[in-house]
Structures are given as structure tokens and as C-alpha cells.
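**Student:** Got a structure for you, questions after.
Computed from the coordinates by the stated procedures, all read-outs in this text should not be read as laboratory data. Please read all numbers here as calculations on a predicted model, not as lab measurements. Please note: Cβ atoms are built from the backbone with ideal geometry, for glycine as well, and neighbour counts cover all protein chains shown.
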Amino acid sequence: MRSESKFAPTLSGVLIMLGGAAAFVLISGSRLPPVVASHFGPGSGANGFMSRNVYLAFMLIGTVVMPLLMVLPQRLVRIIPPRLINVPNREYWLAPERLDATLDYLRDHAMWFAVLFTLFLCFVHWEVVQANLRTPARLAPQPFIAGLLAYMAGIVVWMIALGRHFRRPRDIQR
């Protein structure tokens, strides 16, 4: 059963996005030097380096493998007993008449987190590519901080949505 949300991501949509993220990392990563400035310290100067191939492998793990590890286990949640699922107000939300909708919501919410995480790591990768085009390699702090704040705001919205969804319904509050 699919969630009733009109904006819920689909597994195929997430997989397409992950394919696009992998292509983005590989294509834009081809502009990187053989030794990549991959870590930046105070003052935005490079203070950590790795080979381009190791950096690209690291970014592909982050942008593709990690989100898959967030999404794919949610596909299996239907085979575990509900007593092993931990949500607030679990007696209400895991009741047989609401179980399917609850599992759909958890699956969709995990996919939204995977999308947010992938977009953030693609942004970080882009900033690293841009930093490596400068001589010497320097991270531009303002765009990076803006992107980090946007990601953190997205996480807060994601957490609030999760908390609001699983709050105790008014009709059963005591």
C-alpha cells in the first residue's frame, strides 16, 4: 500500500536521483587534480589531501551507498514483528488498523532523509571541486556555511515532521 502523501518519493525516483548523483560526482570529479585537497581547516585553507580516485570512491560511498543503506532496510520493515519497531505512542501507531500506513510513512520519511543527505553531499563535493580549482586550494566559507545551514534546517524540518506525525492524537490524549 502506498502512502497517501502526494509528495512522497518513490524507490524508483530515489534510485534515479542516486544514479544522477553518481554521474555528477564522477563527471565533476574529473576536473579534480590527481591529489585532491579534501579537508579544509580554519581560514579555509587545505589541510588534508587524498588521491582523486580515493576521494571519488569516498564520495560515491557517501552519495550512493549510504543513502541506499537508509532506504533499502525500510523495504524490509514489513517482515519484522511490530514489537521491534520503536515509534512514539507505539500502541496507537502500530495498531493493526494503522500499521500499514505507519510503515509507509516510515519508509517515505527514510527516503526523504536519503534525498536530503545525498543533495547535501553533492553540494559538499561541488564545493570541494571549486576549492581545488583555486590556487592555492581554498574552500569558499560563505557558500559552504550557507549550504550547511540549509542542510541543518532541512534536518530540523525532517525531525519536526516525524515528531508531529507520531504525536498522540487528540482523541486519545490523557
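**Student:** Quick one: in the range 27-43, which of the residues that are small (G, A, S) and out of contact with any helix residue (DSSP H, G or I) (no Cβ under 8 Å at 6 or more places or on another chain) is farthest from D104 (Cα to Cα)?
**Tutor:** Among those residues, the one meeting the criterion is G43.
**Student:** Continuing with this model, one more query. Restricting to the range 76-113, name every residue that is exposed (fewer than 12 other Cβ atoms within 10 Å of the Cβ) and closer than 27 Å to A153 by Cα.
**Tutor:** Of everything in the range 76-113, just one residue is exposed (fewer than 12 other Cβ atoms within 10 Å of the Cβ) and closer than 27 Å to A153 by Cα, namely N86.
**Student:** Then there's this: Here's a check for you: in the range 74-102, which residue that is part of a helix (DSSP H, G or I) and within 15 Å of G163 (Cα to Cα) is farthest from the chain's Cα centre (by Cα)? Don't jump to the end; show me each part of the working.
**Tutor:** Step one: of the range 74-102, the residues part of a helix (DSSP H, G or I) are 74-75, 77-79, 82-84, 90-93, 96-102.
Within this subset, residues satisfying the condition of being within 15 Å of G163 (Cα to Cα) are 90, 92-93, 102.
Details: R90: 25, Y92: 28, W93: 25, T102: 21 Å.
Per the stated criteria, the residue is Y92.
**Student:** Which residue out of V25, V64, V71, V36 is crowded, with 18+ Cβ neighbours inside 10 Å, touching a Cys at 6+ places or on another chain (Cβ under 8 Å) and outside any loop (DSSP other than H, G, I, E, B)?
**Tutor:** Checking each option against the conditions leaves just V25.
**Student:** Assess whether S28 counts as being polar (S, T, N, Q), under 30 Å from A140 (Cα atoms), in contact (Cβ under 8 Å) with a residue 40 or more places away in the chain and out of contact with any Leu (no Cβ under 8 Å at 6 or more places or on another chain).
**Tutor:** On the way: polar (S, T, N, Q): yes; under 30 Å from A140 (Cα atoms): yes; in contact (Cβ under 8 Å) with a residue 40 or more places away in the chain: yes; out of contact with any Leu (no Cβ under 8 Å at 6 or more places or on another chain): yes.
Yes, satisfied.
**Student:** Let me ask something additional. Just one of L119, L133 is surrounded by 15 or more Cβ atoms within 10 Å (Cβ to Cβ) and of a type in the set (A, V, I, L, M); which is it?
**Tutor:** The conditions single out L119.
**Student:** Then there is this: Within the group V14, V35, which residue is among the β-branched types (V, I, T) and touching a strand residue (DSSP E or B) at 6+ places or on another chain (Cβ under 6 Å)? Even if it seems obvious, please write down each step before you answer.
**Tutor:** Working: V14 fails: touching a strand residue (DSSP E or B) at 6+ places or on another chain (Cβ under 6 Å).
Every option except V35 fails the conditions.
**Student:** Among the residues of the range 44-59, write down those that are touching a helix residue (DSSP H, G or I) at 6+ places or on another chain (Cβ under 6 Å) and not polar (S, T, N, Q).
**Tutor:** L56, M59
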